[in-house]
Amino acid sequence: MITLCGFAISNYYNKVKLALLEKGVPFTEEWVLTGSKDEAVLSCSPLGKVPYIRTAQGPLSESQVIVDYLEAAYPGHPLVPRDPYAAAKVRELCTYLDLHVELVGRDLYGQAYFGGTCAPDVQERVRKQLTKNLAALKRLLKMAPYAAGDSFTLADCSAFATLPTVAAAAKAVLGSDLVAEAGIDWKAHLKLLGERPSVQAVNAGRKAAQEQFAAMAKK
């Protein structure tokens, strides 16, 4: 049995949870906040980041490492094509989404989601970099109707986690939905994914976690 550790507001946590659900892998969830100094956490995720998983063989951290492990360990419901080139194109999309879009847009999250502020020079840097990187991503995305083509793959797990989060942050902080402006119809993609029971379960878990955080903030 796999234990998924983190919290359901984290977009990377939900990326892994979606892959687990899609593949039908049995798992349990354990609430762990990012940045923990607890040795039990650091022994699994040395930077204290979430998500991480615990397996019978030991722990694993970093979302893409985890979903790649799931593909290898549980091949029965593949989320990556068998063809090596097609598989590499799916992982190429995951890399662009995680590193070149989400990681850049993350600098906006403090203001967009947590009541912080984002300095004007940082906003301008993020705007320029996201505009460039989203244009590059647009060249790779198929949206036919899924991210990498006609079937659901790990690229959709990454897109589900990244595109709405970055789009909303850019709209809130920069005044523009840079994802839509790049010609990426993330709303149609999200609507399509929303028909899947796995995505509905992830969304329900995120809503419950948000309510739990709100209750904690009132104490």
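Quick notes on this one:
- Lys-Lys pairs in region 84-197 that are eight or more residues apart or on separate chains and whose Cα atoms lie under 17 Å of each other come to 9.
- Taking max minus min of the alpha-carbon positions on each principal axis, region 153-219 gives extents of 43, 32, 17 Å, largest first.
- Kirkwood analysis of the Cα pair distances in region 110-162 returns a hydrodynamic radius of 13.1 Å.
- Sorted largest first, the spans of the alpha carbon positions of region 68-173 along the three principal axes are 47, 26, 20 Å.
- Positive-end residue, the chain charge dipole about Cα centroid, Cβ charges, pick of P78, I9, Y113: Y113
- For R196, distant residues with modelled amide H under 5 Å away: none
- A Cα-only calculation for region 65-116 places Rg and Dmax at 15.2, 45 Å.
- With kT/(6 pi eta Rh) evaluated at 20 °C and eta = 1.002 mPa s, and Rh the Kirkwood radius from Cα pairs, the chain diffuses with a coefficient of 120 µm²/s according to Stokes-Einstein.
- For region 68-219, the dipole from Cβ point charges (+1 on Lys and Arg, -1 on Asp and Glu) about the Cα centre works out to 280 debye, to the nearest 20.
- Euclidean distance of C-alpha centroids, region 179-193 and region 30-63, integer Å: 32
- Among C157, C94, C44, the largest mean-square fluctuation in a Gaussian network model of the chain (Cα springs under 10 Å) belongs to C44.
- Rg/Rh for region 2-78 stands at 0.95; both radii use Cα atoms, and Rh follows the Kirkwood definition.
None of the figures in this text is laboratory data; all of them are computed from the coordinates on show. Keep in mind that what you see is a predicted model, and the values were worked out from it rather than measured. Heads up, the Cβs are rebuilt from the backbone with ideal geometry, glycines too, and the neighbour counts pull from every protein chain shown.
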